[in-house]
1. So the check is Cβ under 7 Å with 6+ separation or different chains; which pairs have a first residue in segment 1-16 that's touching a residue at least 24 places away in the same chain (Cβ under 8 Å) and within 17 Å of residue 67 (Cβ to Cβ) and a second one that's aromatic (Phe, Trp, Tyr) and exposed (fewer than 11 other Cβ atoms within 10 Å of the Cβ)?
2. When you scan segment 47-89, how many residues do you find that are in a loop (DSSP other than H, G, I, E, B), open to solvent by 70 Å² or more (accessible area, probe 1.4 Å) and touching a Lys or Arg at 6+ places or on another chain (Cβ under 8 Å)?
3. Which residue, of 117, 156, is part of a loop (DSSP other than H, G, I, E, B), of a type in the set (Phe, Trp, Tyr) and in contact with a Pro (Cβ under 8 Å, 6 or more places away or on another chain)?
4. Of the numbered conditions (1) closer than 30 Å to residue 125 by Cβ; (2) modelled with pLDDT under 90; (3) open to solvent by 50 Å² or more (accessible area, probe 1.4 Å), residue 2 satisfies every one except a single condition; which is it?
5. Checking residue 107 against (1) out of contact with any strand residue (DSSP E or B) (no Cβ under 7 Å at 6 or more places or on another chain); (2) crowded, with 18+ Cβ neighbours inside 10 Å, only one condition comes out false. Which one?
6. Output the number of the condition that residue 131 fails; it satisfies all remaining conditions of (1) outside any strand (DSSP E or B); (2) open to solvent by 50 Å² or more (accessible area, probe 1.4 Å).
Amino acid sequence: MHPEKEVPDICDIYVVLQTDALVDSYETYLKRIDRGASCMAQVYKTPGNETYRWHGTSRACRIGEHATTTPCLNPECGICGIISSSFDLDHYGRATKWGRFGRGIYTTEVSSKSDDYALNRHKSFTKALVLASVTLGHPMKLRHNSDQLIEPPLGYDSVICLFLDSYSY
């Protein structure tokens, strides 16, 4: 957690049930990663080196406020896009215009880091974060920026940040 950030109040927690097609696609990917030799250096000792990670994104509607649970159709609403059809690599860099580790879908163990990217496109006192199952496979561990990456290097399935300074926040 950010040492200088105030701990927010949690107003609501929602479980998002994905379509069978999205679940099947994720499970197929997880099995493919798990079958490969890439999981030999597992971090979490789960099939596919699966874990939960936080993701902060834009919110253009009121989903999560006042019991609003129906995703909007606004293409600028990142959270509704994720809820409706999962993560989309084509949305990479929309908010930040770059990525510390190149093109990818960014998640973190640190909820307060994701909170930095949870941006409302309207006035609101609440934010929304996604807690998602993530398959790491065999992760490459980096201690420095590598913003030219367009995919994990050969032999790796993902990239993990191991910064030990203020970048962690």
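1. That search, which allows pairs on different chains as well, returns nothing.
2. 1
3. 156
4. Among (1) closer than 30 Å to residue 125 by Cβ; (2) modelled with pLDDT under 90; (3) open to solvent by 50 Å² or more (accessible area, probe 1.4 Å), residue 2 violates only (3).
5. So the condition that residue 107 fails would be (1).
6. Single failed check for residue 131: (1).
The values are calculated or read from the model by the stated rules, or taken from the named source; none is laboratory data. The model shown is predicted, which means the values in this text are computed figures rather than measured ones. Quick reminder, even Gly has a Cβ in these numbers, built from the backbone with ideal geometry, and neighbours come from all protein chains shown. In case anyone asks, the SASA skips ligands and DNA or RNA and just uses the protein heavy atoms, side chains included. Shrake-Rupley method; radii C 1.70, N 1.55, O 1.52, S 1.80 Å.
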